[in-house]
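The values are calculated or read from the model by the stated rules, or taken from the named source; none is laboratory data. In this text, all values refer to a predicted model and were calculated from it rather than measured experimentally. Don't worry about glycine lacking a Cβ; one is built from the backbone with ideal geometry, like all the others, and counts go over all protein chains shown. SASA here: full protein model, heavy atoms, side chains in, ligands and nucleic acids out. Shrake-Rupley method; radii C 1.70, N 1.55, O 1.52, S 1.80 Å.
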Amino acid sequence: MNNVSNASGVSKQTKLTYREALRAALRDALAADERVFLMGEDVGKYGGAFGVSLGLVEEFGTERVRDTPLSESAFTGMGIGAAIAGLRPIVEIMTVNFSMLALDQILNNAATLRHMSNGQLSVPLVIRMTTGAGRQLAAQHSHSLEGWYAHIPGIRVLAPATLRDARAMLAPALADPDPVIIFEHGSLYNLAGELDGGEGPVDLTSAAVRRSGTDVTLITYGGSLPKTLAAADLLAADGIEAEVIDLRSLRPLDDATIMASVARTHRAVVVDEAWRTGSLAAEITARITEQAFYELDAPVGRVCSAEVPIPYAGHLEEAALPQAAGIAAAAREAVGGHG
């Protein structure tokens, strides 16, 4: 970080990375509430598999920043129990692929206990996990399974794509009485920029219009946002003004922002790094068809990853993932070759 920092580790005007913004949010949370603690594989002395928690164990100690055994089911279950007991745990699961080992705890316990207890139990648990490809980590470390979790009632699912959201989403997530899952796309950790440290928490229920336009709506989230904004620049060179929506919240979805944009542009393309079949992109497409069918001047387009396990080889991985050129091509098709 540059510039003089305040107690939270972020100055009023700070240049920092996405990784550092997440770390500052963790530091604030640990300092503000003694009930908050972080646990997961290598979060302590090693500083986290992706360096997010670097230095926090030295600052807050091993009771508040806890290294765990390699058992996602066990330490996620511990987090659920701690939350029920009145603490505010933050559980880090190294990658979304590994979270399959904790899916029983997340789906059958964390997401259901409020309902099954008739409102007597709350599970104020935050689970952070890295998602997405683009870093040549092969199939077991690279998939985008956010749509699986967005399918589950009883949890909130967030996908911060900007420094501001990375910095500000954690505090309201910890204040939620129900479980919250925060997906951090691995390609964003080195994203750098300026951040105003004086800004408060963000609204966890609203999508954000990241770029205004009149010809086509591009809907995306997480690590696909930079590619989608790059595609909008390509389209602008052709005279096509694309509006870019960053979903931010994947459950619940902000239908109102999506439909208002479609009503302005009359065309939509959904960009989703997950596989096309049964995807979040399919859900969004269905909702647009249900709620804004008569606003559409063209079918809703989708740009998703190839239906293969993510390859290790760099050129194959790039070919398998949505890229700016492919997003722009789908948008041009939606506007019928305009420009």
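Is it the case that the range 286-305 has a residue that's part of a loop (DSSP other than H, G, I, E, B) and either under 20 Å from LEU145 (Cα atoms) or basic (Lys, Arg) (or both)? Scanning the range 286-305, I find no residue that is part of a loop (DSSP other than H, G, I, E, B) and either under 20 Å from LEU145 (Cα atoms) or basic (Lys, Arg) (or both), so the answer is no. Restricting attention to the range 47-99, the residues that are surrounded by fewer than 15 Cβ atoms within 10 Å (Cβ to Cβ) and touching a residue at least 40 places away in the same chain (Cβ under 8 Å) add up to 1.
Just give me the residues in the range 232-269 being among the β-branched types (Val, Ile, Thr) and either within 16 Å of the chain's Cα centre (by Cα) or closer than 13 Å to SER212 by Cα (or both), in sequence order.
Going through the range 232-269, the residues among the β-branched types (Val, Ile, Thr) turn out to be 240, 244-245, 257-258, 262, 265, 269.
The answer is ILE240, VAL244, ILE245, THR257, ILE258, VAL262, THR265.
Determine whether the range 272-279 contains at least one residue that is closer than 25 Å to ASN97 by Cβ, assigned to a loop (DSSP other than H, G, I, E, B) and of a type in the set (Lys, Arg). Looking for residues that are closer than 25 Å to ASN97 by Cβ, assigned to a loop (DSSP other than H, G, I, E, B) and of a type in the set (Lys, Arg), one finds at least one in the range 272-279, hence yes.
Condition test on VAL123, is it open to solvent by less than 10 Å² (accessible area, probe 1.4 Å), under 13 Å from the mean Cα position of the chain (by Cα) and not polar (S, T, N, Q)?
Values: open to solvent by less than 10 Å² (accessible area, probe 1.4 Å): yes; under 13 Å from the mean Cα position of the chain (by Cα): no; not polar (S, T, N, Q): yes.
Here the answer is no, as VAL123 does not meet what is asked.
When the strands (runs of 3 or more DSSP E) confined to the range 23-134 are screened for residues that are closer than 30 Å to PRO226 by Cα, those reaching at least 2 such residues are found at 36-40, 88-95, 126-131.
For the range 208-231, the count of residues that are within 13 Å of ALA328 (Cα to Cα), of a type in the set (A, V, I, L, M), touching a Gly at 6+ places or on another chain (Cβ under 7 Å) and not assigned by TED's automatic domain parsing to the domain that holds LEU163 is zero.
Within the range 190-200, is there a residue that is in a loop (DSSP other than H, G, I, E, B) and surrounded by 22 or more Cβ atoms within 10 Å (Cβ to Cβ)?
Taking every residue of the range 190-200 in turn, none turns out to be in a loop (DSSP other than H, G, I, E, B) and surrounded by 22 or more Cβ atoms within 10 Å (Cβ to Cβ).
State whether one or more residues within the range 88-97 are among the polar types (S, T, N, Q) and out of contact with any helix residue (DSSP H, G or I) (no Cβ under 9 Å at 6 or more places or on another chain). If you could, list the steps in order and put the result at the bottom.
Pass one, the range 88-97, residues among the polar types (S, T, N, Q): 95, 97.
Those still in the list that are out of contact with any helix residue (DSSP H, G or I) (no Cβ under 9 Å at 6 or more places or on another chain) too: none.
No; the residues of the range 88-97 include none that is among the polar types (S, T, N, Q) and out of contact with any helix residue (DSSP H, G or I) (no Cβ under 9 Å at 6 or more places or on another chain).
Restricting attention to the range 277-298 and to residues that are touching a residue at least 24 places away in the same chain (Cβ under 8 Å) and open to solvent by 30 Å² or more (accessible area, probe 1.4 Å), the residue that is farthest from ILE258 (Cα to Cα) turns out to be THR277. Close Cβ contacts (under 7 Å, 6 or more residues apart or on different chains) running from residues in the range 146-170 that are within 17 Å of ILE93 (Cβ to Cβ) and outside any helix (DSSP H, G or I) to residues that are open to solvent by 30 Å² or more (accessible area, probe 1.4 Å) and among the hydrophobic types (A, V, I, L, M, F, W, C) comprise ILE152/LEU107.
Within the bounds of the range 133-149, is there any residue that is open to solvent by 10 Å² or more (accessible area, probe 1.4 Å) and either in the same structural domain as TRP275 (by TED's automatic domain parsing) or closer than 19 Å to ILE258 by Cα (or both)? Yes, the range 133-149 contains at least one residue that is open to solvent by 10 Å² or more (accessible area, probe 1.4 Å) and either in the same structural domain as TRP275 (by TED's automatic domain parsing) or closer than 19 Å to ILE258 by Cα (or both).
Being under 30 Å from ALA168 (Cβ atoms), open to solvent by 60 Å² or more (accessible area, probe 1.4 Å), of a type outside the set (Ser, Thr, Tyr) and at pLDDT 95 or above narrows it down to one of ALA325, ALA230, ALA256, ALA260, so name that one.
So the residue among ALA325, ALA230, ALA256, ALA260 that is under 30 Å from ALA168 (Cβ atoms), open to solvent by 60 Å² or more (accessible area, probe 1.4 Å), of a type outside the set (Ser, Thr, Tyr) and at pLDDT 95 or above is ALA256.
Filtering the range 201-220 to residues that are touching a residue at least 60 places away in the same chain (Cβ under 8 Å) and either among the β-branched types (Val, Ile, Thr) or assigned to a loop (DSSP other than H, G, I, E, B) (or both) leaves ASP215, VAL216, ILE219. Filtered by the rule that a residue be part of a helix (DSSP H, G or I) and either under 15 Å from the mean Cα position of the chain (by Cα) or at pLDDT below 95 (or both), the range 173-189 gives ALA173, GLY186, SER187, LEU188.
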